[in-house]
Amino acid sequence: MKTIEVAKKAGISKSTLLRWIAQGYIKDVNRDSRGWRVWTKEELAKVKLFKLRLESIDVVDIRDPQVRFAMALDLASYHGKS
């Protein structure tokens, strides 16, 4: 899948998805010979899961560095990096 397709299926904008990658919340995916990202169904599921987790946190809380760190640890374990 293309990045725009993943963003639409997850209910977010392409720029939001790319920002989450840049900020390290979503692991970057493999690229094709042109350098374009190629997304799998599993990676789409991870984006949707992150969005759900993000929606469950109060706006005040997400600005707290400890909450952001905990989210990063949680995602790292989800990506198999723990």
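How many of the residues making up segment 4-39 are more than 21 Å from GLU55 (Cβ to Cβ) and within 13 Å of the chain's Cα centre (by Cα)?
Total satisfying the criteria: 2.
Output the residue which, of all residues in segment 2-38 that are at positive phi and modelled with pLDDT of 95 or more, is surrounded by the most Cβ atoms within 10 Å (Cβ to Cβ). Please lay out each step first, then the result.
Step one: filter segment 2-38 for residues at positive phi, giving 11, 24, 35.
Then drop every residue that is not modelled with pLDDT of 95 or more, which leaves 11, 35.
Values: GLY11: 11, GLY35: 6.
Taking the candidates together, the pick is GLY11.
Please go through segment 39-61 and pick out each residue that is surrounded by 11 or more Cβ atoms within 10 Å (Cβ to Cβ) and either aliphatic (A, V, I, L, M) or touching a residue at least 60 places away in the same chain (Cβ under 8 Å) (or both).
Step one: of segment 39-61, the residues surrounded by 11 or more Cβ atoms within 10 Å (Cβ to Cβ) are 39-40, 43-51, 53-54, 57, 61.
Hits for segment 39-61 are LEU44, ALA45, VAL47, LEU49, LEU54, ILE57.
Can you name the residue in segment 36-56 that is among the basic types (Lys, Arg) and in a helix (DSSP H, G or I) and, of all such residues, is nearest to VAL67 (Cα to Cα)? Outline the logic, then answer.
Taking segment 36-56 and keeping what is among the basic types (Lys, Arg), we get 37, 41, 46, 48, 51, 53.
Remaining after also requiring in a helix (DSSP H, G or I): 41, 46, 48, 51, 53.
Values: LYS41: 28, LYS46: 19, LYS48: 19, LYS51: 15, ARG53: 12 Å.
Filtering first and then ranking leaves ARG53.
Among SER33, SER15, which is farther than 21 Å from ASP74 by Cβ and part of a loop (DSSP other than H, G, I, E, B)?
On the way: SER15 fails: part of a loop (DSSP other than H, G, I, E, B).
Going through SER33, SER15 in turn, just one is farther than 21 Å from ASP74 by Cβ and part of a loop (DSSP other than H, G, I, E, B): SER33.
The values are calculated or read from the model by the stated rules, or taken from the named source; none is laboratory data. Just so it is clear, the structure is predicted and the values come from calculations on it, not from any experiment. Backbone-built Cβ (ideal geometry, glycine too); neighbour counts: all protein chains shown.
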